[in-house]
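The values are calculated or read from the model by the stated rules, or taken from the named source; none is laboratory data. Everything quoted here is computed from the prediction, not taken from an experiment. Glycine gets a Cβ as well: all are built from the backbone with ideal geometry, and neighbour counts include every protein chain shown. Just so you know, the surface numbers come from the protein's heavy atoms only, side chains and all, with ligands and any DNA or RNA stripped out. Shrake-Rupley method; radii C 1.70, N 1.55, O 1.52, S 1.80 Å.
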Amino acid sequence: GIGVIARVTPEHKVRLVDVLRKKGEVVAMTGDGVNDAPAVKKADIGIAMGITGTEVTKEAAVMILTDDNFSTIVKAVEVGRGLYDNLARYVRFQIGGLFGYIFTFLGASIFNVAKGIPLLPLQTLWVSFTMLSIQSVGLGYSKPAAGLMDRPPLPPTKPILTRGLIVWLALVGLVMTIGTLGVISWAEHEHGLAIARTMGMVTFALFLLFFSIESKDQRDSAFSLDTFSDKTFIVTTSGSFVLLVLSTVLDIFHTVMKTVTLDVRQWLICAAVALSIVVAAEIRKAVLRRTASKAIRPASAPGPEPLP
């Protein structure tokens, strides 16, 4: 609800901030005069006027409106939500990829896949550089998700990595592990160790590529127009894929990284297996959207009052 409190003293303003904070609200207080400074200092977000505000209020505030325009606060909130959303994308992608690395190397050691070494050291570094690092930049600097200002604010105590999200990211790592080790095991039996490790590198890299696309938003499908309208993310994704292809084609990579050229059939196998992460992510998103729609579904509106 919206309430208006007028003609209050500085003590009343401080008391109002205390009451709201005790109820779990995040309080922002604006002010320009000396008498506003205590409440501005006490609030979670103190906002001072940059033009008409006193120096005392500016010192007490954490935000200064240089144009004294309240609409600037809305823009600041939008920028802040965008930064948080990009940070959350980055963290989700990094942790999911980390789980994938750990489980893949652990599984290869336990089940003796590719002699316990699924990827050679330089192959591992190349995947980290071309996929994990470049795609992290793409997620961190891409445009924020659409409709961020329409979403309810997050509780201040809610961490970026919740227990449910950690379980999901561990499941992502497990899917990457099963797919990568499955491809390596099959290729080692059919084509030898060199092709097996190259196919394993390609499969794992494509897992990361597809997961980065799914990491752009936790609920909206990756097949939405918003995903493909982000120029920064398209550039990084295209660059990552080209570098991956070059690592299996150029002779210099064959010599340094011990990779080999894969035929079309082998590439299709790697891509088909890696697409399993897209299926899993889209199923999760569909469940989250369904759950959210049920939670915010308004109660049925009452019918019109009968005529007298």
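Taken as a whole, the condition of being among the acidic types (Asp, Glu) and either within 20 Å of Ser247 (Cβ to Cβ) or part of a helix (DSSP H, G or I) (or both) applies to Asp226.
Scanning the range 193-230 for residues that are among the small types (Gly, Ala, Ser) and at pLDDT 95 or above yields Ala194, Ala196, Gly200, Ala205, Ser212.
When each of Thr255, Thr236 is tested for being more than 28 Å from the chain's Cα centre (by Cα) and either in a helix (DSSP H, G or I) or within 16 Å of Met199 (Cα to Cα) (or both), the lone residue that passes is Thr255. Among the residues making up the range 274-286, a single one is in contact with a Ser or Thr (Cβ under 8 Å, 6 or more places away or on another chain), surrounded by 15 or more Cβ atoms within 10 Å (Cβ to Cβ) and modelled with pLDDT of 95 or more: Ala274. Evaluate the range 174-189: report whether one residue or more is more than 20 Å from Tyr101 (Cα to Cα), open to solvent by 20 Å² or more (accessible area, probe 1.4 Å) and touching a helix residue (DSSP H, G or I) at 6+ places or on another chain (Cβ under 9 Å). Scanning the range 174-189, I find at least one residue that is more than 20 Å from Tyr101 (Cα to Cα), open to solvent by 20 Å² or more (accessible area, probe 1.4 Å) and touching a helix residue (DSSP H, G or I) at 6+ places or on another chain (Cβ under 9 Å), so the answer is yes.
Among the residues making up the range 242-254, those that are of a type outside the set (Val, Ile, Thr) and surrounded by fewer than 16 Cβ atoms within 10 Å (Cβ to Cβ) are Leu246, Leu250, Asp251.
For the range 228-235, the count of residues that are among the hydroxyl-bearing types (Ser, Thr, Tyr) and exposed (fewer than 13 other Cβ atoms within 10 Å of the Cβ) is nonzero. Take the conditions (1) over 30 Å from Gly138 (Cβ atoms); (2) of a type in the set (Val, Ile, Thr); (3) within 29 Å of the chain's Cα centre (by Cα); (4) open to solvent by 60 Å² or more (accessible area, probe 1.4 Å); Val27 misses just one of them, which is (4).
Residues checked against (1) in a helix (DSSP H, G or I); (2) of a type in the set (Phe, Trp, Tyr); (3) at pLDDT 90 or above; (4) more than 27 Å from Pro153 (Cα to Cα):
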position	(1), (2), (3), (4)
Glu25	no, no, no, no
Met29	no, no, yes, no
Pro38	yes, no, yes, no
Lys41	yes, no, yes, no
Ile47	no, no, yes, no
Ile51	no, no, yes, yes
Lys58	yes, no, yes, no
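Here is a yes/no grid of residues against (1) in a helix (DSSP H, G or I); (2) open to solvent by less than 40 Å² (accessible area, probe 1.4 Å):
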position	(1), (2)
Ile110	yes, no
Thr124	yes, yes
Phe129	yes, no
Lys143	no, no
Leu154	no, no
Lys158	no, no
Ile166	yes, no
Leu171	yes, no
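Please verify whether Leu120 is more than 18 Å from Ile234 (Cβ to Cβ), open to solvent by 60 Å² or more (accessible area, probe 1.4 Å) and out of contact with any Asp or Glu (no Cβ under 9 Å at 6 or more places or on another chain), treating the condition exactly as stated. No: the conditions fail for Leu120.
Can you tell me how many residues within the range 208-222 are open to solvent by 40 Å² or more (accessible area, probe 1.4 Å) and either of a type in the set (Asp, Glu) or free of Cβ contacts under 8 Å to residues at least 12 places away in the same chain (or both)? Qualifying residue count, the range 208-222: 1.
Can you tell me which of Ile45, Ile51, Ile102, Ile73 is in contact with a strand residue (DSSP E or B) (Cβ under 9 Å, 6 or more places away or on another chain), of a type outside the set (S, T, N, Q) and open to solvent by 80 Å² or more (accessible area, probe 1.4 Å)? Within the list Ile45, Ile51, Ile102, Ile73, the selection yields Ile51. Scanning the range 1-18 for residues that are open to solvent by 70 Å² or more (accessible area, probe 1.4 Å) and either in contact (Cβ under 8 Å) with a residue 40 or more places away in the chain or in a helix (DSSP H, G or I) (or both) yields Glu11, His12, Arg15. Would you mind finding the one in Ala271, Ala292, Ala299 that is modelled with pLDDT under 95 and open to solvent by less than 60 Å² (accessible area, probe 1.4 Å)? Answer to the check: Ala292.
The residues on offer are Leu119, Leu106, Leu87, and the sole one that is at pLDDT 90 or above, out of contact with any Cys (no Cβ under 9 Å at 6 or more places or on another chain), outside any helix (DSSP H, G or I) and aliphatic (A, V, I, L, M) is Leu119.
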